[in-house]
Ligand SMILES: [Zn+2]
């Protein structure tokens, strides 16, 4: 069963309206976006990461009319004194892509809403691409249409003849490379590019610049850390975690003339974050940290590591509204039960 028609049916049955009557309203949906940009052939392998400007505007319009949109500082203060307004929302972006300035920022200004961007400082400083963008570049420019061989100690077979199979290959390699150190990832990507006779840099990561970040900072956008090199925190030693967080904070503090108080951990599941990184972030003076575990920040909790709600590029507007209500995990569970009994 495809989940999207199910969401649509439930939406039009009014399940959202019924649910609203019972839900704990003193909670905040911290929305997590990555890119806001039109879908095209270059980003087709990872459409879910790119929310189109049209969808983004519809979402922003909806929350500006129906919710209390807070800055991260407001959220932190209101959580601390347990005064979270009903239907609170915070808008966040991870990775600091240039398209946030190009497409999302004008829309946020139009509706006069605050937001936060989490920056991995190495990529701003060096102009290097994120490994998943290099992978996109390799798979999009490959001259070999199939590959069988050993990659990172595993036997891999993939074919790149159509969008579906390229998509599967993309996520298989993401999983294979994710938990390697930055240099090792570069090495593995180089080997893959050679196998597939592909260009690693036909598609390059374009990030925000310090100049536009300074402009955005003066217009309601908060900048936080997304660590320095965007590694999986769990694979690092405590010393390495401290360096990753400290370095990004130092660069952000200097370049943006601020005290950086918020951090979002890369990848963001509890298992990717591990137990040390949140403790170290608090020791280094961060007030709150963000995960990508799906859920809400609750008024009656003292949590420092907050859950967020990931918004995808293929979400319909109905799905977006159901996510805001926190209904998607329950619906997925219901779907699993239905499929199990079929
Ligand atoms: Zn990220």
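Structure data summary
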| item | result |
| --- | --- |
| So residue 280, is it within 16 Å of the ligand (Cβ to nearest atom) and crowded, with 16+ Cβ neighbours inside 10 Å | no |
| Scan of the range 182-199 for residues that are under 23 Å from the mean Cα position of the chain (by Cα) and in contact (Cβ under 8 Å) with a residue 24 or more places away in the chain, ordered by number | 182, 185, 186, 189 |
| Close pairs (6 angstrom Cβ cut-off, 6 or more residues apart or separate chains): over 23 Å from residue 115 (Cβ atoms) in the range 263-279, assigned to a helix (DSSP H, G or I) and more than 12 Å from the ligand (Cβ to nearest atom) anywhere | 272/234; 274/234; 276/238; 276/241; 277/241 |
| Within the range 130-143, tally of residues that are free of Cβ contacts under 8 Å to residues at least 60 places away in the same chain and under 18 Å from the mean Cα position of the chain (by Cα) | 2 |
| Identity of the residue in the range 256-271, more than 9 Å from the ligand (Cβ to nearest atom) and assigned to a strand (DSSP E or B), that ends up farthest from the chain's Cα centre (by Cα) | 262 |
| All positions within the range 284-309 that are under 19 Å from residue 241 (Cβ atoms) and either in a loop (DSSP other than H, G, I, E, B) or in contact with a helix residue (DSSP H, G or I) (Cβ under 8 Å, 6 or more places away or on another chain) (or both) | 284, 285, 286, 287, 288, 289, 291, 293, 304, 305 |
| Hits in the range 230-243 - residues which are away from the ligand (no atom under 11 Å from the Cβ) and outside any helix (DSSP H, G or I) | 236, 237 |
| Of the criteria (1) closer than 20 Å to residue 272 by Cβ; (2) in a loop (DSSP other than H, G, I, E, B); (3) at pLDDT below 90, which one residue 329 fails | (2) |
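The values are calculated or read from the model by the stated rules, or taken from the named source; none is laboratory data. These figures come from a predicted structure and were not determined experimentally. Cβ sites come from the backbone with ideal geometry, for glycine too, and all protein chains shown count toward neighbours.
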